[in-house]
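Below: one structure, written as C-alpha cells.
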Amino acid sequence: MTSVAALPATRTQPTSEVTGPPVVLIHGFAAAGESDFPVSRWAGPLSAAGRETVVVHLPGHAGGPAVASADEVTTARLLQRLADGIGSTEVDVVGYSLGARLAWDLAAAHVLPVRRLVLGGLSPMEPFGAVDLAAARAAVQGGPQPGDPLTGIITSMVSREGQDAESLLRLVEGLAREPFDPAGRVPEAPTLFLAGQEDPMAQGIEQLVARVPGARLRRVPGDHIGALAGEELRAAVFEFLDL
C-alpha cells in the first residue's frame, strides 16, 4: 500500500495548567474546521481551560490536501491519516456529521487511544454509496442536474463557491468503498451523542446510541447546521469533557 501523507491539523496550546488530554475536533462534509469549530467558540475556551485543541482538516476541504484518487481516501486510509496527523497520545474526540462517522471508527477500531467521545449530527445510514458519481461529476462540469435527490444534494454541497468539487467527489467515492457499518464495531470509550431537535440527518440516531454501552443522547435546539452553532451543544460537549 502506497504511503499517503498525514492530515494537517491546527493546534492551539493551553494557556493555563493542563487539565486533561488534547481535544480533537473533526468537521463535517463540505464544511471546514474553522467554520464548524470557530476559534472563539472552541479552541479559545478550551485553551483557557487547560486543554490543547487539534482541529483536523479533511481531504478536499479548506486547509486539507486535494484528493488525487479515491484510493487515498477510503475509510481505512483516512483513519490512518487522521491518526498520523493527531499523534499517539490519549485524546478526547469531538466529531460532527462526517466527522462523527470518522470519530466513531477512530475509537471503535482503536486507531487512537480515546478517553471520551462526542458524536454530533450522526446518521445511522450510509449515504455515499447511493450517490450517482457519474451524474454528480457531469453536473459540476456544467451538465444537467442529477435526477435523484441524494445525488442532487451532494452535488449542490460540493458545488458551493470555494469548494474543490472534484476532490470532494473523490472523497465520496473513497468512503463509499468502505461504508459506515455501526453493527460491525462500536466504540468502547464513554460516548455522548448530540442531535438537533430539527435535524433530519440525525433521524434514527437512537439506533446508534443503543449499540454503544453506557452511551448518552442529548437533543439540542436547531437543525443540522444550527445545532452545531448553538450554545447548548457546545455547553454539553464542555460538560462531558469535564471543563
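Charging the Cβ of each Asp and Glu at -1 and of each Lys and Arg at +1, and nothing else, the dipole of the chain about its Cα centre rounds to 260 debye.
Here the stretch 22-150 is treated as an ellipsoid with the same Cα gyration tensor; its semi-axes, largest first and in whole Å, are 29, 16, 14. Summing Lys and Arg as +1 and Asp and Glu as -1 over all other residues whose Cβ lies under 11 Å from the Cβ of Asp242 gives a net charge of +1. Screening the chain for whole DSSP H helices with an alpha carbon extent of at least 18 angstrom along the helix axis and a mean Kyte-Doolittle hydropathy of at least -1.0 yields 165-177. With both residues required to sit in the chain, DSSP beta bridges show an antiparallel share near 15%. Semi-axes of the equivalent ellipsoid of the stretch 129-181 are 18, 13, 9 Å, computed as sqrt(5λ) over the eigenvalues of the C-alpha gyration tensor in descending order. Considering only protein heavy atoms and a probe of 1.4 Å, how much of the accessible area of the chain is carbon and sulfur, as a whole percent? With neighbouring chains kept in place, the figure for the chain is 53 percent.
Here the calculated FRET efficiency for Thr19 and Ala183, from their Cβ-Cβ distance with R0 = 30 Å, stands at 0.25, rounded to the nearest 0.05. Computed over neighbours whose Cβ is under 12 Å from that of Ile225, the net charge equals -4, Lys and Arg +1, Asp and Glu -1.
Could you do me a favour and compute the accessible area per residue for the chain, 1.4 Å probe, result in Å²? Each step should come with its number before you reach the end.
On the way: 10390 Å² over 243 residues.
Ligands and nucleic acids excluded, the figure is 43 Å² per residue.
Every helix of 4 or more DSSP H residues in the chain counts as -39500 (n - 2.57), and over all residues that averages to -10000 deg cm²/dmol at 222 nm.
The values are calculated or read from the model by the stated rules, or taken from the named source; none is laboratory data. Source: prediction; values computed, not measured. All Cβ positions, glycine included, derive from the backbone under ideal geometry; neighbour counts span all protein chains shown. Just so you know, the surface numbers come from the protein's heavy atoms only, side chains and all, with ligands and any DNA or RNA stripped out. Shrake-Rupley method; radii C 1.70, N 1.55, O 1.52, S 1.80 Å.
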